[in-house]
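A.B. asks: The structure's right below; bear with me while I get my questions together.
The values are calculated or read from the model by the stated rules, or taken from the named source; none is laboratory data. What you are looking at is a predicted structure, and each value in this text was computed from that prediction instead of being measured. All Cβ positions, even for glycine, are placed from backbone atoms using ideal geometry, and neighbour counts span all protein chains on display. Heads up: the accessible areas ignore ligands, DNA and RNA and are worked out on the full protein's heavy atoms, side chains in. Shrake-Rupley method; radii C 1.70, N 1.55, O 1.52, S 1.80 Å.
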Amino acid sequence: MTPSELLARLRSASRVVVFTGAGVSAESGIPTFRDALTGLWSKFDPMQLATAEAFRRDPALVWGWYEWRRAKVAGAKPNAGHFAIAKMASLVPLLTLITQNVDDLHERAGSDPIRLHGSLFAPRCFDCGEGHGVLPASPIVADEPLEPPACARCAGKIRPGVVWFGEALPGEALDAAFDAARSCDVLFSVGTSSVVYPAAEIPVIAARSGAAVVQVNPDRTPLDEMARFNLRGSAASVLPQLLRETWSEENR
Ligand code: BV8
Ligand code: ZN
């Protein structure tokens, strides 16, 4: 049941931010970041694989991991949580979606997110930075090492178009995300463990600027203390129910 105070705040909100992490894609069958390591990857710590240093050391292992993840996303569909976020954008005056995810499920549900950590679908050359569009999806990728393709321009190695640990986030995206957090009435933090910085600052900035922070997560996270509302549950069940209770005809 959505708390009545939250219903009132949402109905009167003019600026809403939705900030998502891997948990919003969990019910589409995409392993979250912490458990993105099944099969071959269970031997590795994602913090070790998602780095430029790992790619330099073993490009086939890292490229294989990302191609396995890309194949999983290509075979998945947006879930009711993605669709509820896209729908909410038509129910409030201004909704800004900020995602840490590198899958394309928000876009496929009709949203246009600010992307903080890049995308599995924007590979580029590790050496000269040349973008390489969306490479044809590799054949069904087993979870095993795969040699990265060579850059057409400089013969360097193609890398995933994601932000690795130790790499800077895209400045424009981060500034836009911080601006939205500073000026919103309500911020939803959906499906993130709230431990990766600087992204994890976003809900904190919103709370400090007077917004009501709503956390949607089956588990506790470091954001629990700061969140005004902790909706314990999965994105695909909590968000559609919240929309029904807040904006359905009889509830307007
Ligand atoms: C930078 C792309 C500087 C790649 C990712 C010590 C202290 C503070 C910071 C640091 C530190 N040491 C190092 C740092 C910096 C570091 C960092 O924050 N480390 C942390 C881990 C301590 N940050 C960086 O390195 C960043 N860069 O600082 O650069 C700099 C500046 C200038 C010039 C040069 C350098 C870069 C960070 C970005 C890394 N890239 N992703 C890839 O995807 O492979 S981060 C990756 O983890 C994800 O993208 C995501 O952003 C992040 C966290 O994952 P979550 O999305 O939260 O997913 P997770 O699995 O953790 O949690 C899922 C949640 O969902 C859980 O809470 C679960 O309960 C919930 N859930 C599950 N099911 C559901 C659900 N919720 C709802 N519904 C469900 N059904
Ligand atoms: Zn190149």
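A.B. asks: If you check every pair at least six apart or on different chains, which have Cβ atoms under 8 Å apart with a residue in the range 1-29 that is open to solvent by 60 Å² or more (accessible area, probe 1.4 Å) first and a residue that is among the aromatic types (Phe, Trp, Tyr) and assigned to a helix (DSSP H, G or I) second?
C.D. replies: Close Cβ pairs (under 8 Å, with a partner that is among the aromatic types (Phe, Trp, Tyr) and assigned to a helix (DSSP H, G or I)) amount to Arg11/Trp247.
A.B. asks: In the range 99-152, which residues are of a type in the set (D, E, K, R), more than 16 Å from ligand 2 (Cβ to nearest atom) and modelled with pLDDT under 95?
C.D. replies: Correct list: Asp143, Glu144.
A.B. asks: Within the group Thr32, Thr38, Thr51, which residue is farther than 15 Å from Asp103 by Cα and at pLDDT below 95?
C.D. replies: Within the list Thr32, Thr38, Thr51, the selection yields Thr38.
A.B. asks: Moving to a separate point now. Out of the residues in the range 42-64 that are in contact (Cβ under 8 Å) with a residue 40 or more places away in the chain and of a type outside the set (A, V, I, L, M), state the one that is nearest to Ala206 (Cα to Cα).
C.D. replies: Thr51
A.B. asks: Within the range 184-193, is even one residue within 16 Å of ligand 2 (Cβ to nearest atom), part of a loop (DSSP other than H, G, I, E, B) and open to solvent by 50 Å² or more (accessible area, probe 1.4 Å)?
C.D. replies: No: zero hits.
A.B. asks: While we're here: Identify the single condition in (1) touching a Cys at 6+ places or on another chain (Cβ under 8 Å); (2) open to solvent by less than 50 Å² (accessible area, probe 1.4 Å) that Lys157 does not satisfy, given that it satisfies every other one.
C.D. replies: (2)
A.B. asks: What's the number of the condition Val18 fails, among (1) at pLDDT 90 or above; (2) in the same structural domain as Gly129 (by TED's automatic domain parsing)?
C.D. replies: The one condition Val18 does not meet is (2).
A.B. asks: Please work out if Glu172 is among the charged types (D, E, K, R), modelled with pLDDT of 95 or more and out of contact with any Gly (no Cβ under 8 Å at 6 or more places or on another chain).
C.D. replies: Numbers: among the charged types (D, E, K, R): yes; modelled with pLDDT of 95 or more: yes; out of contact with any Gly (no Cβ under 8 Å at 6 or more places or on another chain): yes.
Considered against the rule, which asks whether it is among the charged types (D, E, K, R), modelled with pLDDT of 95 or more and out of contact with any Gly (no Cβ under 8 Å at 6 or more places or on another chain), Glu172 comes out as yes.
A.B. asks: Looking at Asp185, is it out of contact with any Phe, Trp or Tyr (no Cβ under 7 Å at 6 or more places or on another chain), within 16 Å of ligand 1 (Cβ to nearest atom) and among the acidic types (Asp, Glu)?
C.D. replies: When the stated conditions are applied, Asp185 does not pass them.
A.B. asks: Turning to a different aspect of this structure: For Ile158, work out the one condition from (1) more than 14 Å from ligand 1 (Cβ to nearest atom); (2) touching a helix residue (DSSP H, G or I) at 6+ places or on another chain (Cβ under 8 Å); (3) assigned by TED's automatic domain parsing to the domain that holds Asp103 it doesn't fulfil.
C.D. replies: Checking Ile158 against (1) more than 14 Å from ligand 1 (Cβ to nearest atom); (2) touching a helix residue (DSSP H, G or I) at 6+ places or on another chain (Cβ under 8 Å); (3) assigned by TED's automatic domain parsing to the domain that holds Asp103, the one that fails is (3).
A.B. asks: Let me ask another. Any chance you could count how many residues in the range 104-127 are open to solvent by less than 10 Å² (accessible area, probe 1.4 Å) and touching a residue at least 60 places away in the same chain (Cβ under 8 Å)?
C.D. replies: Summing the residues that are open to solvent by less than 10 Å² (accessible area, probe 1.4 Å) and touching a residue at least 60 places away in the same chain (Cβ under 8 Å) in the range 104-127 gives 3.
A.B. asks: Specify the residue that is farthest from Arg108 (Cα to Cα); the eligible residues are those in the range 72-85 that are open to solvent by 20 Å² or more (accessible area, probe 1.4 Å) and part of a helix (DSSP H, G or I). Give the steps one after another, and end with the answer.
C.D. replies: Filtering the range 72-85 for residues open to solvent by 20 Å² or more (accessible area, probe 1.4 Å) gives 72, 74-75, 77-78, 80, 83.
From what is left, the residues that are part of a helix (DSSP H, G or I) are 72, 74, 80, 83.
Working: Lys72: 15, Ala74: 11, Ala80: 12, Phe83: 9 Å.
Ranking the qualifying residues of the range 72-85, first place goes to Lys72.
A.B. asks: Specify which of the listed residues (Arg208, Arg220, Arg228) is touching a strand residue (DSSP E or B) at 6+ places or on another chain (Cβ under 6 Å) and open to solvent by 60 Å² or more (accessible area, probe 1.4 Å).
C.D. replies: Details: Arg208 fails: touching a strand residue (DSSP E or B) at 6+ places or on another chain (Cβ under 6 Å); Arg220 fails: touching a strand residue (DSSP E or B) at 6+ places or on another chain (Cβ under 6 Å).
Result: Arg228 is the single residue among Arg208, Arg220, Arg228 that is touching a strand residue (DSSP E or B) at 6+ places or on another chain (Cβ under 6 Å) and open to solvent by 60 Å² or more (accessible area, probe 1.4 Å).
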